[in-house]
Amino acid sequence: MGLANLVPGVSGGTLILALGLYDRFIGAIADVTRFRFSRSSVLFLVWILLGAGVAVLSMSGIAVSLIASHRWVMYSLFIGLALGGVPELTPLCKPFKLTSVISVAVGLGVMYFLAFGVSSTAIPHTIPVLVLVGALAASSMILPGISGSYILLILGMYDFVIGSLSSSELREDPVACLKVIVPVGLGAVLGIALLSNVLKVLLAKQSRVSHSVLLGLLLGSVFGLYPFQEPVHPDLAHKPWRKAATMLIEGATPASVGERYGVEFTAEEASEVRERFTGLTAGDLKSKGDELRTFAPGLLQVVKSLGLLLLGVFLARFLGRGKRAEDSGSRRA
């Protein structure tokens, strides 16, 4: 779940749903946020959040790098993980009626809009804004198919927020990172507390319709995850290179840039960078780094992508078998 939330377009809530643990997850969060503590709920959340926290702190830098360089690998795997949860959710939508079909369509429509109807933008990095961004991103994390990282990407805050969580950034400038992490974290707590309680009521009182909407969100989570995409400007997709280019544009020497970011430029390369990106701000460079284009994959790459997709389906089914065994035991009892 932690790794999923680092990848734009992928939701940790999708994986919880795929494993058949979504209702329990939402119920446990809602109980804790209302100060109704039980041993089972607390332990359940502790183990999930511990794993997610370790993944975020240890793999944020790797996730950003993989998305920049090997997007097709990550997206192929997560498409499979999402689709692997469909068999878990479908029985909860029965009996299929018109309201079920409409609800699935609503979920699909929301995901289509997020994938194709929203363009990324940039917003100021003030504390109130960061609190609001944290609330929006964290709320989306627990909704299947709606990625917190994708929300950050839409808002133009992905690199800024996720980069602040990487261990290298924390070591280099911990104070600056905490100025981002603390307000975003506060907003995340508030957003999750509110949404979890709303979802708990809906899942209890309108179970079939609510699960049908969730099924639509799950199916629609593959929108925008077309794996064969690549950055239009591959160098700018890498944060250290982009920061180094910003320093060069601002007049720094190649030697000082190499010492600061470990990116080496010859005098000729530095001159080329200045000429290529002259007049652009750091925000402009980031926007260019986020631009994507589709490419035609080779046959071997298609085969590998399908293999990763099937691996994702298998993992979702395999990891969810404990929940299925538990449900089976409960029914027999």
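Since every read-out is calculated from the coordinates, none of them should be taken as a lab result. Remember, predicted model here, so these are calculated numbers, not experimental data. As a convention, Cβ positions derive from the backbone with ideal geometry for all residues, glycine included, and neighbour counts pool all protein chains shown.
Among all helices in the chain defined by DSSP H, which have a length of 24 Å or more along the axis from Cα atoms plus a Kyte-Doolittle mean of at least 0.5?
Details: long enough: 39-69 (43 Å, 1.86); 98-116 (26 Å, 2.07); 174-205 (45 Å, 1.82); 299-319 (30 Å, 1.94).
In the chain, the long hydrophobic H runs are 39-69, 98-116, 174-205, 299-319.
For Val110, Val54, what's the fewest-to-most ordering of other Cβ within 10 Å of each Cβ? List each step's numbers first, then the result.
Details: Val110 19, Val54 12.
Fewest to most other Cβ atoms nearby, the residues stand as Val54, Val110.
What number comes out for the charge environment of Gln206, summing +1 per Lys or Arg and -1 per Asp or Glu over other residues with Cβ under 14 Å away?
Details: positive: Lys97, Lys200, Lys205, Arg208; negative: Asp23.
With Lys, Arg at +1 and Asp, Glu at -1, the neighbours total +3.
Kindly provide the helix-only [θ] at 222 nm of the chain, computed as the sum of -39,500 (n - 2.57) over DSSP H runs of four or more divided by all residues, to the nearest 500 deg cm²/dmol? Provide the component values of the computation, followed by the final result.
Details: 19 runs with 245 residues, N = 333.
Result for the chain, helices only: -23500 deg cm²/dmol.
For the chain: lysine pairs with Cα atoms under 14 Å, gap of 8 or more or different chains, count? Provide the component values of the computation, followed by the final result.
Working: Lys239/Lys286; Lys239/Lys288; Lys243/Lys286; Lys243/Lys288.
Within the chain, the lysine pair count is 4.
Of the labelled options (1) 35, 21, 19; (2) 45, 30, 20; (3) 38, 23, 18, which one gives semi-axes √(5λ) of the Cα gyration tensor in Å as computed for this structure?
Working out semi-axes √(5λ) of the Cα gyration tensor in Å from the coordinates points to (3).
For a quick check: sort Val175, Val129, Val42 by the number of other beta carbons within 10 angstrom, fewest at the front. Walk me through the numbers on the way to the answer.
Details: Val175 6, Val129 16, Val42 13.
Lowest to highest Cβ neighbour count: Val175, Val42, Val129.
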